[in-house]
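Structure, as structure tokens:
Nothing in this text is a laboratory measurement; each read-out follows from the coordinates by a stated rule. No experiment lies behind these values; they were computed from the predicted model shown. Cβ sites come from the backbone with ideal geometry, for glycine too, and all protein chains shown count toward neighbours.
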Amino acid sequence: MRASKYYIVTTKEAPSEAELISHKLMLRAGMIKRLSSGIYTWMPLGLKIVRKVERIVREEMNAIGALEILMPAVQPAEIWQESGRWEFYGKELLRMKDRHEREFCLGPTHEEVVADTIRKDIKSYKQLPLSVYQIQTKFRDEVRPRFGVMRSREFVMKDAYSFHTDFDSLLTTYNDMYQAYCNIFNRLGLKFRPVAADTGSIGGTGSHEFQVLADCGEDVVVYSDESDYAANLELAECLPSRSARPQAQSSLTKIATPTQKTCEEVTEMLGVALSSSVKSLVFEGVDDQPVLLLIRGNDSLNEVKAGKLAQLKQPLTFASHAAISDAFNCQPGFIGPVGFNGAVIVDKEVALLADFICGANQDGYHLTGVNFGVDCAEPLVADLRNVQDGDLTPDGKGTIKLCRGIEVGHVFQLRTKYSEAMNVSYLDQNGKSQLMEMGCYGIGVTRILGACIEQNYDERGIVFPLNMAPFEVVITPANYAKSEIVRLEVDSLYTHLRAAGIDVLLDDRNERIGSLLADSELLGIPHRVVVGEKTLAEGKVEVYNRKTRETQLVELDLVVAKLKTLVEHERN
């Protein structure tokens, strides 16, 4: 491709609204153009990379026998109402009506559509297992779209679905998909980690996320420093730090805390460890009565874990100030379990505390020397907190470490959640109707670009792995328009590189060499050949590696073979 015939518009500065480095660099490189909040036009350079990602995804999906289909983006409300997700999905589901006042939504995912499709055609166990996938645009009405393609409203996704006669068959395909995802991200040159994950609104019994490791990631990845254990923060189980509660050493004492409402303020006033205090959180219960959750003052509540408690209303909802005042006879900031007659659920670590500090259920006061079984009833115990760096790992091997990640893929064992709701069934060997087991498997195709850049950039721009680069090689000539010697050699080199099967860009724009070099750095093209009269006089050209920044002079008659060797080595 000749740059003079291509759509390349780069800038030195990114718009002020761009926060993440990937967003800034994609805008500066002219890969995307903002149309509206969270909605982007993909320009030729960006779309070229998207198509490269899609190609690798297709190859790995086809390799495990998945069949490509394409489902409608606009979906009727009836199938979402049938599955029970029309209201449950929330405001991210963009709803609309047609001219006949029939309700539809713009698809954020396709479990309902594929279930409806399969139940109409698949009738016998002889037709199973079956896996299908699509690469298609989705829309989720994010409350605050940000970070460019990392959290946009409109995005491209690969979503696959599998159907089975039994759980063992589902597990086989699940494992195949898991490995295919590893293959995809390895081929794309990403540093990633598969982690056990919560199933969220998709549902099912088991899932894994694929997290690209990056400091800007919204997700926290939990892993062991000694074993292969890994999970996301929402799912990671917390083991108790000790086996039993120590004996009480203090008696209940009320202390005045007129302006101290938080655990931090109270423990600082008393000069004691934050971990000796208890944080009180009040949620709406299923019977409309408030439920008190307790975690240590130095811990944070895991709302995903709390959301699975049978005693709490779904979705998880904090009790109002009025409800708290009625139930505890005081304002938030001074509440605690002593004297409270409602349901109390405590984290495992709180259950092992003795002589702890909590609110006194009286404005301006806290209690010290509080003990379960003495000052208040023994509570219900659950895993409620987020793990912390240095905690014991659930597998008992090593300690917990934390890092940040960007979710780019997720695989789910749906089991029969949708097949039961939508009657997706088949006839078994005995002619008896059975529900199909289901799995679903998603990859954020356009999000991968942002995640890749967050791992691969420097002060000059993007440093793409070869399989994701818009071009594998760029030829940057000095004085292409003015020097006939340069033009003849460059045109010949361009022709021979293309004939060798190399995806090459000839930057023949009539601009200063410094500007052309800067653009090649910004765009992240892995290999660059600089051709000028000075080096040609020696029969050589300059070959530059974008990642290592190493430059070497190569004989002109050897450069095609050298670049072919480099490119083929980096392709995988």
From the residues ALA343, ALA327, LEU270, which one has its Cα farthest along the dipole of region 253-382 in the positive direction, the dipole being from +1 and -1 charges on Cβ of Lys/Arg and Asp/Glu about the Cα centre? ALA343
Go through 521-534, 110-123 and give me the packing order, highest mean Cβ count within 10 Å leading. 521-534, 110-123
Determine the alpha carbon to alpha carbon distance for each of LYS91/LYS417; LYS308/LYS348; LYS191/LYS547; LYS5/LYS540; LYS24/LYS138; LYS12/LYS534 and list only those over 18 Å. LYS91/LYS417; LYS5/LYS540; LYS24/LYS138; LYS12/LYS534
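If packing is taken as the mean number of other Cβ atoms within 10 Å per residue, what is the order of 470-476, 188-194, highest first?
470-476, 188-194
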About its Cα centre, how strong a charge dipole does the chain have in debye, to the nearest 20, once Lys and Arg get +1 and Asp and Glu get -1 at the Cβ? 1520
Could you point to the residue in GLY373, TYR223, SER241 farthest towards the positive end of the chain's charge dipole, with +1 and -1 charges on the Cβ of Lys/Arg and Asp/Glu respectively? TYR223
Once the Cα atoms of helix 513-523 and of the chain are each reduced to a long axis, what angle between those two axes, in degrees from 0 to 90 to the nearest 10, is obtained? 40
Cα shape, region 471-570, gyration tensor, a/c 1.5 rule: rounded
Calc'd 3J(HN,Hα), region 88-97, phi into Karplus 6.51 cos²θ - 1.76 cosθ + 1.60 (θ = phi - 60°), Hz, glycine/Pro = x, comes to 5, 5, x, 6, 5, 7, 7, 9, 7, 10
Tilt relative to the chain, helix 44-63 - C-alpha long axis, 0 to 90 degrees, to 10: 70
